[in-house]
Amino acid sequence: MDVDQSRRLRIFGGAILVAMCFAFVGLIGRLVYLHTFDSRKLTRYVRSQQIGYTILPGRRGCVVDRHGRMLAGTQNKPSVMADPSMMGDIGTVAERLAPVVGLDEGVLLGVFRKNQHRRFCRVRRFVEPVEADAVRALSIAGVFVRDEPQRIYPSGQPVGPVVGFVGFEGRGLEGIEKQFDGHLGAKDGKSAAVYDGRRSRRPIWLRDDLSCPPKDGGHVMLTIDLVVQSIVYEEVRDAAESFGARYAVGIVMDPNNGDVLAMAQFPSYESSFFAEVNPGVRRNLAITDAIEPGSTFKPFVASGALAGGVIDPGEMIDCRNGVHYFGGQRIRDTKPKGALDFVGILTYSSNIGMGFVGERMGNEMIHDIVRSFGFGRRTGVGFAGESPGLVRSLDTWTSYSTHSVPIGQELAVTPLQLVTGFAAIANGGTLLRPRLVRGRMDSSGDAVEMWTDPEPVRRVLPEAVARFMRERALVQVVKEGGGRRSALDDWQVFGKTGTAEVAYDDRAGYEPDAYMGAYLGGAPASDPALVAVVMVYRPVKKLGYYGSKVAAPAVGQILKRSLSYLQIPADVPADVPAGDESEWPAA
């Protein structure tokens, strides 16, 4: 070997040695980097390959009525799941599984292909037990059955708009389910286990340090009584169907504490099938929709006139035989009358008589009593989407308002506002905050918050005025006026009818042949236990549209059936004097 060749070999060997040194240093550097800077990331990656998690679903809390009857609850029901990475031929799996779970084979194959690199996909949610057993019998690798919580609504259509519903992800979207989603909602837990490296990924041991139990949701108790709720639903359904109405709404309230015992509408819906229902039907119309109240509004203005001393109960007012012009404003009465006293004006629902009462009061006094009864502001019931109604500011009122507002025009109210104001007349003159929720409990059923005491808002009438309105004026409406169809044999009913034209949404004036018939009623007159309202919206005119025909009979039946169920003693009504001079406002 010559010198040059030997030199070349030494250079080549040195280069190899240097390269090996650099590679060795690089390898050491990489190991140091992985051990120090990238260790956490790699550890998480390795653990993700070794540790698997199983979701432990929490149970959403229940919604119950005032006696604990379930309105919304949760039950476990089997669902079919899959791990496509564990399957063999996904085409064969789809062919075998599709007919058992009732799915199209092509659709199921598409689901597997879309999720073939994932460890989990849902095949079909909430199958029947017989279907779940059939899936298990197939013994297909990567296909399994797991129980999931399903929301159920055993009380059906009567409570749908009040209770609301949850979406497919378990979140409350309407009604009480939405209002108390944070309290009702559950938090899922998880169970961790170390798995082997085989394709079947069998668990080897549990990792308690990485596991956590589920947290179930709390419960909500409503003031609703399911029996009364069902009665109201049946009666408003019958009224709506009998008169071809677009919808009907009914509410029953305890006037002594503001508890809403029933709040129903027709059409309604079953919360379990909310996706199949027109969104307009999902609204709780008793709270969200306001409309002109018509003559059902007269007792509020009339009682304010008595309390303000601008009219004497025995005074006679000429009602001009059914037609009168207040300036350029023409007002008519359905039942023409001559001279009527205060009780007669309400009994025969004289618009002209109320127009004269409005003139004596003036706009400011009328506005004050209207606002005092809570109209034009939300009741505070605490229900999402509640409308405040419409009472225009005093500075926009005109001379027309002086005669229109006392007969229930130029303003809009919700059914809940109407019955809440009527409860103040029934209970002796105190406006109470209406209550739909009685309390909240934790997941064990122990009380967190309970609301049982009345919540007074303000006194709106002297007790003597409220009693006169209840036991004389509004009783006479039932005895001789439009409320006769609500009369009962065992309890003295007091009430007021109302028929309103439906105003245009986008301009002034009223739609032709479009009406709302309503009735406010309560019983027993001597010691009221219940007040109720039924509003029938857009009944077919030729079938009947006056409140005395379309709504008063429904309220009568609601009171009769509810009072019987609640075992309220019968009362024997007696004539009640207007009050002595020491307590009655001077005219």
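All of the numbers you see were taken from the coordinates with simple rules; none came from a lab. These numbers come from a predicted model, not from an experiment. Cβ atoms come from the backbone with ideal geometry, glycine included; neighbour counts cover every protein chain shown.
Some points to look at:
- Simple rule: put +1 on each Lys or Arg Cβ and -1 on each Asp or Glu Cβ in segment 337-390, find the dipole, and look at PHE373, SER349, ASN363; the Cα lying farthest toward the positive end is PHE373.
- Environment charge at ASP188 (Cβ cut-off 14 Å; Lys +1, Arg +1, Asp -1, Glu -1): +3
- Cα shape, the chain, gyration tensor, a/c 1.5 rule: prolate
- Cβ-Cβ FRET estimate between GLU128 and LYS541, R0 fixed at 41 Å, reported to 0.05: 0.25
- Approximate spin-label separation ASN278-PHE144, in nm, with each point projected 7 Å along Cα-to-Cβ: 4.6 nm
- With the convex hull constructed from alpha-carbon coordinates only, segment 405-538 shows a mean projected area of 11.7 nm² over all directions.
- Fully extended contour minus Cα-Cα distance, from SER393 to MET20, at 0.36 nm per residue: 125.1 nm
- Other residues lying with their Cβ under 10 Å from the Cβ of PRO84 contribute a combined charge of +3, Lys and Arg counting +1, Asp and Glu -1.
- In percent, rounded to a whole number, the relative contact order of the chain is 14, using alpha-carbon pairs under 8 Å and six or more apart.
- Listed residue (SER393, TYR153, ASN257) projecting farthest to the positive dipole end of the chain, Cβ model: TYR153
- Computed packing ranks the peptides 534-545, 144-155, 55-66 as 534-545, 55-66, 144-155, most packed first, by mean other Cβ atoms within 10 Å.
- If both residues of a DSSP beta bridge must be in the chain, then about 95% of such bridges are antiparallel.
- Highest mean packing comes first when the peptides 380-388, 424-432 are listed by Cβ atoms within 10 Å, giving 424-432, 380-388.
- Net charge dipole size for the chain [Lys, Arg +1 and Asp, Glu -1 on Cβ; Debye, nearest 20]: 3000 debye
- Taken about its Cα centre, segment 341-380 carries a charge dipole of about 260 debye when Lys and Arg each add +1 at the Cβ and Asp and Glu each add -1 at the Cβ.
- Mean ellipticity per residue at 222 nm, deg cm²/dmol - from DSSP H runs of n ≥ 4 across the chain, formula -39500 (n - 2.57): -10500 deg cm²/dmol
- Volume per residue for segment 136-270 equals 181 cubic angstrom (convex hull of Cα atoms).
- Cα centroid separation, segment 270-295 to segment 485-533 (Å): 19 Å
- Dipole of the chain, positive end: most advanced residue of LEU488, PHE243, VAL130 [Cβ charges, Cα centre]: VAL130
- With the simple model of a label 7 Å out from the Cα in the direction of the Cβ, GLU95 to ARG459 spans 8.6 nm.
- ARG507-VAL323 FRET efficiency (beta carbon distance; Förster radius 35 Å; 0.05 resolution): 0.85
- For segment 135-194 versus segment 220-248, the inter-centroid distance based on Cα atoms is 27 Å.
- Net charge contributed by nearby residues that have their C-beta within less than 12 Å of VAL145 (K/R +1, D/E -1): +1
- Computed lengthening from GLU169 to GLU359, 0.36 nm per intervening residue step minus Cα-Cα distance: 62.6 nm
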